[in-house]
Amino acid sequence: MAEMSETERRLAALEAQHKKIAEVEWNGHRLVFRRPTREECRQYRVALEDPVSKADANEHILQQTIVAFDDETNATAARMRYNPGFLDEHPMFASTAKVKLALGAMMGLVEEADLVDLGKGVTVRPAIRSGTPQV
């Protein structure tokens, strides 16, 4: 059996801590987000209905839920590398298809059976196992 890479060990630790994570690869960076809480999802829905906050709803939920940026797995330090920094270089990141796929999967907008086909650069963990009920 092959040994886990350091990246895989970090992802496994984040998965164990947060139960469900989404990893998004973007221009050589790896960003990991935890599943939002029900309250965070409620606030997100409210923000989407408000014309003033709608434009920033994705960016706000990502800043709340980021848990790793590249090799940094301290959530506070990851958030500080994400904004400012990454968002200065990629200001429309929160509006990309990859982010929308990851958010949809994390918030339950995508059926569990469809999570395997998210596309290149988006991974949700734990991986869905056919016939295994998810808790």
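Laboratory data are not the source of any read-out in this text; all were calculated from the coordinates shown. Since we're looking at a predicted model, the values are computed, not measured. In this analysis, Cβ positions are derived from the backbone assuming ideal geometry, glycine residues included, and neighbour counts consider all displayed protein chains.
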Å³ per residue enclosed by the Cα convex hull of region 47-93: 68
In sequence order, calculated HN-Hα J values of region 64-74 (Karplus, 6.51, -1.76, 1.60; Hz; x Gly/Pro): 6, 10, 5, 10, 7, 9, 6, 8, 7, 10, 7
Extension gain, LEU109 back to ALA16 (0.36 nm per residue minus Cα-Cα distance, nm): 31.2 nm
Full-extension gain in nm, MET4 to TRP26, via 0.36 nm per residue minus C-alpha separation: 5.7 nm
Amide H contacts under 5 Å for TRP26, placed H, 5+ residues apart: LEU31
Local electrostatic count at GLN63 - Lys and Arg +1, Asp and Glu -1, tallied over other residues with Cβ under 10 Å: -1
Neighbour-count ranking [beta-carbon atoms within 10 angstrom, fewest first] of ASP70, ASP88: ASP88, ASP70
Interchain or long-range residues, amide H under 5 Å from ILE21's placed H: ARG125
